[in-house]
Amino acid sequence: MSTRGGGYGMDAELARKSAMKYDPQKELEAQKWMETVTDVSFSGSDFQSSLKDGQILCILVNRIRPGTIRRVETSKMPFKQMENISNFLKACRTLGVAEHDLFETVDLFEGKDLGVVVTCIHALGRTIQTTCPDFRGPHLGAKMSGNSKASFRQGGGAKAKEGNNYGLSKFAVGSSKTMQKAGFNDTKSITFGADTVGVGSTSAVSQQSQGSVSTMQRSAVSRAKDITFGADSGAQKPPAPPPRKWGSNQPTQSRQRAISNTKPSQPPKQPTAGKGMARGGGYGLDAELAKKMALKYDVGMEREAAAWIESVTGSDMSGDFAGLLKDGQILCALINEIRPGAIRKIGASKMPFKQMENVSNFLKACRGLGVAEHDLFETVDLYEEKDMGVVVTCIHSLGRAAQAKGFKGPKLGAKQATANVRTFAPGTAAAGAGAVPILNMGSYGKMERSKVADTNSINFGAKASGTSSGGGEVPILNMGSQRVMERSK
């Protein structure tokens, strides 16, 4: 599974977690099942490349329920292959596969997360055993249990009336009939039927283990709507306390008026936040990833990018940032303003694959302008608003690259640095190759130290008591080398 952004940061962490969850055995089972049902062999051992064009998946669905997908695209164009995958996912929903078991188109087409692809195929194999009883082909996995709903005749029978019980279940009613236990030989001893020394009948049961030994009578319960039905139904209840709002620190009326006076008449409009939608119901790894993306999102960078696009293209960028860029038309117009004619045709169709084609053309043009690969985003990040943070980062990187290419229009960010290559004459380059850096040369001159009076005393020139002759003499331990140290160059 490939990682975006050079394989580091959050993308590398996501790829590592996905690889840990991946089960090769489940992939092999899914591959054998699809080959048996479709009579189409996978090309080589690469699971992702065999399913990338979506043709095998569409054939699989049509074998399970003929005519579900009317047309299977055989074109090599990317948006046609992605259309096959989208039709397969729609058919899975029709056949009853749960939403959290489905995958995104980019998970298969770009190999982002093959684990959820394998999970979806296994879920399809289990579901069709219940929803498609006419399918007699090979099955994958255990049959999915269906919902069993009991039905009763309208107002019919004593059983239905007894089951109704005025809206109260048997667990809520308690014991309303006689509980009878057979009598036994009762003695005062705890271990009756056997002496305390342990001798006696082995079938005797201790009194503590017997439970109730006589009839336990409960009168019929009251059918009143009072919560304390039964014995407390006639008691006078205390008045109910006033309803309390959530929170323990409720402001007083005067404080409430003061707070309301300080609040603005209308709350400020919040800008578009990082819309990292979580697949699978918003839990697990997807929810964790969406939370991290939301924390990384910079609203200020979004405002700067929107203002720059509006000043360059003249398009109105007030509103939903992702919704305005989703069809890719504004992005293509931005590229043509920076480098005229870079994108020859901008699709104005409302069809999803045409809008995604506009976004793909924008990304190709960004590569041509020198935007780094790790600053680009995936088509699904914008079209399905999976990660708007990388979209904003890409627009800022485009603004820096445009300045480096000589764009004279409005600027966004600092100019991107360019390489400054230096050339030298052959003689200068050869001399530099043989030179030794100063840090690696060491000392190559003479280190001179004056001679000192040499005695056997460690602190010569000074008394042991600490008195000094005042001649400026230095102890031997502090003198270092006292002769000339020669070092050749």
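The values are calculated or read from the model by the stated rules, or taken from the named source; none is laboratory data. On a predicted model such as this, the values are computed, not experimentally measured, just so you know. All Cβ positions, even for glycine, are placed from backbone atoms using ideal geometry, and neighbour counts span all protein chains on display. The protein model used for the area step is the full one, side chains on, heavy atoms only, and it has no ligands, DNA or RNA in it. Shrake-Rupley method; radii C 1.70, N 1.55, O 1.52, S 1.80 Å.
I'm checking my understanding of the structure. Among residues of segment 387-435 that are of a type in the set (S, T, Y) and either outside any helix (DSSP H, G or I) or modelled with pLDDT under 90 (or both), which one is least open to solvent (accessible area, probe 1.4 Å)?
T428
For segment 391-410, what are the residues that are touching a residue at least 60 places away in the same chain (Cβ under 8 Å) and of a type outside the set (A, V, I, L, M)?
T393, H396, G399, K405, F407, G409, P410
Could you please find all residues in segment 20-36 being over 23 Å from N62 (Cα atoms) and either open to solvent by less than 60 Å² (accessible area, probe 1.4 Å) or among the charged types (D, E, K, R) (or both)?
Of everything in segment 20-36, those that are over 23 Å from N62 (Cα atoms) and either open to solvent by less than 60 Å² (accessible area, probe 1.4 Å) or among the charged types (D, E, K, R) (or both) turn out to be K21, Y22, D23.
Might you let me know whether segment 331-346 holds any residue that is closer than 18 Å to A401 by Cα, open to solvent by 70 Å² or more (accessible area, probe 1.4 Å), touching a Ser or Thr at 6+ places or on another chain (Cβ under 7 Å) and not in a loop (DSSP other than H, G, I, E, B)?
Looking only at segment 331-346, we keep the residues that are closer than 18 Å to A401 by Cα, and these are 331-343.
This time we only want the ones that are open to solvent by 70 Å² or more (accessible area, probe 1.4 Å), so: 337, 339-340.
Within this subset, residues satisfying the condition of being touching a Ser or Thr at 6+ places or on another chain (Cβ under 7 Å) are 337.
If we keep only those that are not in a loop (DSSP other than H, G, I, E, B) as well, we get 337.
Within segment 331-346, one or more residues are closer than 18 Å to A401 by Cα, open to solvent by 70 Å² or more (accessible area, probe 1.4 Å), touching a Ser or Thr at 6+ places or on another chain (Cβ under 7 Å) and not in a loop (DSSP other than H, G, I, E, B).
Does I69 qualify as being within 17 Å of T38 (Cβ to Cβ), open to solvent by less than 30 Å² (accessible area, probe 1.4 Å) and either of a type in the set (D, E, K, R) or outside any helix (DSSP H, G or I) (or both)?
Considered against the rule, which asks whether it is within 17 Å of T38 (Cβ to Cβ), open to solvent by less than 30 Å² (accessible area, probe 1.4 Å) and either of a type in the set (D, E, K, R) or outside any helix (DSSP H, G or I) (or both), I69 comes out as yes.
Could you go through segment 286-307 and let me know if any residue there is open to solvent by 40 Å² or more (accessible area, probe 1.4 Å), touching a Lys or Arg at 6+ places or on another chain (Cβ under 6 Å) and farther than 23 Å from L369 by Cα.
Yes, segment 286-307 contains a residue that is open to solvent by 40 Å² or more (accessible area, probe 1.4 Å), touching a Lys or Arg at 6+ places or on another chain (Cβ under 6 Å) and farther than 23 Å from L369 by Cα.
Can you tell me how many residues in segment 315-330 are in contact with a helix residue (DSSP H, G or I) (Cβ under 7 Å, 6 or more places away or on another chain) and part of a helix (DSSP H, G or I)?
6
If the Cβ limit is 9 Å and pairs must be 6+ apart or interchain, which residue in segment 100-123 that is open to solvent by 10 Å² or more (accessible area, probe 1.4 Å) and modelled with pLDDT of 90 or more pairs with which residue that is in a helix (DSSP H, G or I) and of a type in the set (F, W, Y)?
Cβ pairs passing all conditions: H122/W33.
Do any residues in segment 296-321 that are more than 16 Å from I338 (Cα to Cα) and touching a residue at least 60 places away in the same chain (Cβ under 8 Å) have Cβ atoms under 9 Å from those of residues that are in a helix (DSSP H, G or I) and among the acidic types (D, E), where the two are at least six apart or on different chains, and which pairs are they?
F321/E302
This table checks each residue for (1) closer than 22 Å to G111 by Cβ; (2) surrounded by 15 or more Cβ atoms within 10 Å (Cβ to Cβ); (3) of a type in the set (G, A, S).
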residue	(1), (2), (3)
A322	no, yes, yes
Q329	no, yes, no
K350	no, no, no
L382	yes, yes, no
E385	yes, yes, no
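Would it be correct to say that K76 is assigned to a loop (DSSP other than H, G, I, E, B) and buried (at least 22 other Cβ atoms within 10 Å of the Cβ)?
no
For segment 353-376, does any single residue satisfy the condition of being over 30 Å from the mean Cα position of the chain (by Cα), without any contact (Cβ under 8 Å) to a residue 12 or more places away in the chain and either under 23 Å from M77 (Cα atoms) or open to solvent by less than 60 Å² (accessible area, probe 1.4 Å) (or both)?
For segment 353-376, residues over 30 Å from the mean Cα position of the chain (by Cα), without any contact (Cβ under 8 Å) to a residue 12 or more places away in the chain and either under 23 Å from M77 (Cα atoms) or open to solvent by less than 60 Å² (accessible area, probe 1.4 Å) (or both): absent.
When segment 37-62 is examined, which residues are found to be exposed (fewer than 15 other Cβ atoms within 10 Å of the Cβ) and either touching a His at 6+ places or on another chain (Cβ under 6 Å) or assigned to a helix (DSSP H, G or I) (or both)?
S49
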